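Peer 1: This is the structure I have questions about; it appears just below.
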Amino acid sequence: MGQYSVARQGSTLVLFFFLMATLLSGCASISSSSGSGGWVTIQRGDTMHRLANRYGIPVLRLQRFNPGINARDMKVGQRLMMPSRQERAPGSGTYRYQIRPGDTFGRIAAHFNTSAAAISQSNRQVNPRTLQVGRLISVPVSASTRVAAAPRSRPSNITLPASAHNWPWPLRDGRVTREFGEDARGTLQPMMLLAGNDRTARAVSAGVVKFAGNMRQLGNVVIIHHASNMQTVFAYCGTPDVREGQQVMPGTPVCRVAPREQASQHALLFDIRKAGHPVDPRRVLK
């Protein structure tokens with residue numbers, strides 16, 4: 001497999017595990033929102049990533065503007081604040097917020113887990129009794145409000161169902177170039193497979209395609225849900241050969257493995273999960 005920068009690889013893996021946690025943990029389609037900032041009502045089938053992708057908003061930015069929403073347990077009917085282009089939610093420091101219809105300092109404070117007094121103190125020139133829709137204000141937030149970095153994933157030793165054994169490998173003539181497990185820095189690394197002449201990645205068990213689309217830095221990604229709450233993830237794909245909602249069987253073509261960066265080699269990131277928890281593929285594959 002071609003060599004690429006450790007820093008870039010690390011950031012990509014952090015993004016990978018964050019997105020997997022978001023996508024595999026819960027579902028809640030989109031109602032209404034204005035492109036300049038508004039609200040979306042969570043509907044059946046929604047996930048934080050799908051909403052972020054639909055509106056062109058980074059997942060982490062969307063989460064920072066909705067500290068009261070658990071991305072792993074989104075409920076149908078909950079309302080999600082969609083940030084405008086003028087708003088800011090830095091990793092440290094004060095948020096920039098745009099007044100929406102019906103806002104009061106108290107409502108804004110409740111949404112961001114701060115206090116109306118703190119907002120008033122940071123916006124002395126603003127009359128809280130006559131808030132102007134569209135005006136930008138500063139919102140000081142506490143450390144507890146900020147979205148923390150995703151907890152580091154650890155290999156899962158949970159008991160696997162009897163059906164999760166002797167699955168075929170996703171590449172018929174591939175070879176492992178990176179094993180699943182923690183590296184020297186304690187960061188969990190998903191398995192990487194180098195494709196041979198046959199670059200078609202195939203489903204390893206019967207299931208339903210949960211996601212088939214593009215993720216930043218991961219290229220095209222396919223996620224398949226299987227019986228007993230098992231999931232498989234294929235990343236660095238070319239154009240997916242399956243669509244969301246499609247039933248697959250072992251051997252169903254999922255995608256062609258795309259070339260990695262400048263190299264001519266074709267490498268597949270392959271991940272197996274049980275209820276969203278990472279599992280060593282060698283425990284499942286034959």
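Since every read-out is calculated from the coordinates, none of them should be taken as a lab result. Because the structure is predicted, anything quoted here is derived from the model rather than measured. Reconstructed Cβ throughout: ideal geometry from the backbone, glycine too, with neighbour counts over all protein chains shown.
Peer 1: PRE reach from Gln132 (point 7 Å along Cα→Cβ): which of the stretch 74-113 fall under 13 Å by backbone N?
Peer 2: 99
Peer 1: Along the Cα→Cβ direction, 7 angstrom out, place labels at Lys286 and Arg175. What is the inter-label distance in nm?
Peer 2: Simple spin-label model gives 2.3 nm for this pair.
Peer 1: Remind me, what semi-axes does the stretch 93-145 give for its equivalent ellipsoid, largest first in whole Å, using sqrt of 5 times each Cα gyration tensor eigenvalue? Could you put the intermediate results ahead of the total?
Peer 2: On the way: eigenvalues 55, 24, 20 Å².
Taking √(5λ) for each eigenvalue gives 17, 11, 10 Å, largest first.
Peer 1: Once all Cα-Cα distances of the stretch 50-96 are split into 5 Å bins that start at 0, what whole-number percent is in each one?
Peer 2: 5, 20, 33, 26, 12, 5, 0
Peer 1: Determine the relative contact order of the stretch 229-286: mean sequence separation of Cα pairs under 8 Å and six or more apart, normalised by residue count, in whole percent.
Peer 2: Taking the mean separation of contacting Cα pairs over the length of the stretch 229-286, I get 41 percent.
Peer 1: Run through the stretch 210-284 and list the trypsin sites (Lys or Arg not before Pro) located in a DSSP loop whose Cβ has at most 11 other Cβ atoms within 10 Å.
Peer 2: On the way: sites: Lys210, Arg216, Arg243, Arg256, Arg260, Arg273, Lys274, Arg282, Arg283; in loops: Arg216, Arg243, Arg260.
Filter output for the stretch 210-284: Arg216, Arg243.
Peer 1: Shifting gears a bit: Largest first and to the nearest Å, give the Cα extent of the stretch 175-283 along each principal axis.
Peer 2: Principal-axis extents of the stretch 175-283 (Cα, largest first): 37, 29, 25 Å.
Peer 1: While we're looking at this one, here's another question. Evaluate the distance, in nm, between pseudo-label points positioned 7 Å from the Cα of Arg107 and of Asn197 along their respective Cα→Cβ axes.
Peer 2: Going by the 7 Å Cα→Cβ label model, 6.6 nm.
Peer 1: Taking the Cα centre of each part, how many Å lie between the stretch 97-113 and the stretch 203-220?
Peer 2: Distance between centres, Cα-based: 37 Å.
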